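What follows is a single structure, written as structure tokens, with notes after it.
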Amino acid sequence: FRESLYLLSQHPEAEAKLHTELREVLGDRLPTFDDLDRLTYTRMVLTESLRLYPPAWLMTRRNLEAYDLGGYTLPARTFILISPYLTQRDPRFFDAPEQFQPERWSLNPSGPKYAYFPFGGGPRQCIGEGFAWMEGMLILATLAQQWTMQLVPGHPVGIQPLVTLRPKAGMRMTLAKHQA
């Protein structure tokens with residue numbers, strides 16, 4: 001969710017919409033599991049953040065049988081690399097794919113079929129996906145309800161693709177108490 005906080009700090013209009021939703025849905029109380037269905041914009045922010053910065057940026061699979069892929073034959077048991085980071089930024093699947101646009105998820109909450117998969121898919125989909133969504137939304141709502149965050153001026157932003165996608169130089173941000 002740190003990527004969500006970074007993206008919100010770079011898009012004040014999205015941050016304002018998030019604060020409005022949190023104020024309308026939660027008032028002054030902390031979010032709970034029962035609030036998740038009503039935190040629709042919060043979900044859109046997290047969904048869009050995971051589209052731009054999926055936790056697992058690269059996955060491998062092996063085909064069981066030979067497979068024809070666009071005129072190329074992949075022999076059985078070939079290792080295939082699949083990148084949510086690249087696929088989820090592909091202009092064939094998403095308009096303005098490099099832009100942070102949480103509203104894109106209001107029309108199609110699941111995204112194009114097989115083009116959005118920050119937690120993998122099929123039988124090897126992350127077993128913790130449901131928990132990650134719940135935890136991510138509750139943490140994002142709790143922090144955003146109380147704080148406004150800004151990237152430290154001059155702090156370099158880059159990605160470090162290890163097992164998971166991480167900020168290369170960390171994510172240094174300043175906090176200010178949110179004024180409702």
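The values are calculated or read from the model by the stated rules, or taken from the named source; none is laboratory data. Since the model is a prediction, treat every value here as computed from it, not as a measurement. Cβ coordinates were reconstructed from backbone atoms using ideal geometry, including for glycine residues, and neighbour counts include every protein chain displayed. In case anyone asks, the SASA skips ligands and DNA or RNA and just uses the protein heavy atoms, side chains included. Shrake-Rupley method; radii C 1.70, N 1.55, O 1.52, S 1.80 Å.
List, in order, the whole-Hz ³J(HN,Hα) value for each residue of segment 64-77 obtained from phi through the Karplus relation with A = 6.51, B = -1.76, C = 1.60 and θ = phi - 60°; use x for Gly and Pro.
Taking θ as phi minus 60°, the curve returns 7, 10, 4, 9, 8, 10, x, x, 10, 9, 8, x, 3, 6 Hz for segment 64-77.
What size of dipole, in debye to the nearest 20, comes out for segment 105-180 about its Cα centre when the only charges are +1 on Lys and Arg C-beta atoms and -1 on Asp and Glu C-beta atoms?
Computed charge dipole of segment 105-180: roughly 200 debye.
Residue by residue through segment 111-116, what is 3J(HN,Hα) from phi via Karplus (6.51 cos²θ - 1.76 cosθ + 1.60, θ = phi - 60°)? Round to whole Hz and write x for glycine and proline.
Values, residue by residue: x, x, 4, 6, 9, 10 Hz.
Hey, what angle do you get for helix 40-52 against the long axis of the chain, alpha-carbon based, 0 to 90 degrees rounded to 10?
40 degrees
What dipole magnitude, in Debye to the nearest 20, does the chain give about its Cα centre under +1 on Lys/Arg Cβ and -1 on Asp/Glu Cβ?
Roughly 560 debye for the chain.
Mind listing the phi-derived Karplus ³J(HN,Hα) values for segment 100-108, rounded to whole Hz, using 6.51, -1.76 and 1.60 with θ = phi - 60°, and x for any glycine or proline?
Per-residue couplings from phi come out as 7, 9, x, 5, 4, 8, 6, 7, 9 Hz.
Report, for the chain, the % of DSSP beta bridges that are antiparallel, rounded to 5.
90 percent
Would you mind telling me the share, in percent, of accessible area of the chain contributed by carbon and sulfur at probe 1.4 angstrom?
Within the chain, the accessible surface is 59 percent carbon and sulfur.
Taking the Cα centre of the chain as the origin and placing charges on Cβ (Lys, Arg +1; Asp, Glu -1), which of F93, F131, P156 is farthest toward the positive end of the dipole?
P156
Order V25, V157, V163, most accessible first, counting only protein heavy atoms with a 1.4 angstrom probe.
V163, V157, V25
Arrange the peptides 148-156, 134-142 so that the one whose residues have, on average, the most other Cβ atoms within 10 Å appears first.
The densest-packed peptide leads the list: 134-142, 148-156.
Give the separation of the Cα centroids, segment 69-104 to segment 47-62, in Å.
One Cα centre to the other: 10 Å.
For W147, enumerate residues with amide H under 5 Å from its amide H, sequence gap 5+ or separate chain, H modeled in the peptide plane.
Answer set, sorted by chain and number: H178.
A96 to V157: extension gain in nm, 0.36 nm per residue of separation minus the Cα-Cα distance?
Result: 19.9 nm gained on full extension.
Which cross-chain or sequence-distant (5 or more) residues have an amide H under 5 Å from the amide H of I159, H modelled 1.01 Å from N in plane?
The answer is K168.
Within segment 1-38, which residues have the backbone N less than 18 Å from the label spot 7 Å out from T164 along Cα→beta-carbon, could you tell me?
1-7
In terms of modelled amide H atoms, which long-range or inter-chain residues lie less than 5 Å from the amide H of W57?
Excluding prolines and chain starts, which carry no amide H, the hits are L165.
Kindly give Rg over Rh for the chain, based on alpha-carbon atoms, with the Kirkwood expression for the hydrodynamic radius.
On the Cα set of the chain, Rg over Rh gives 1.02.
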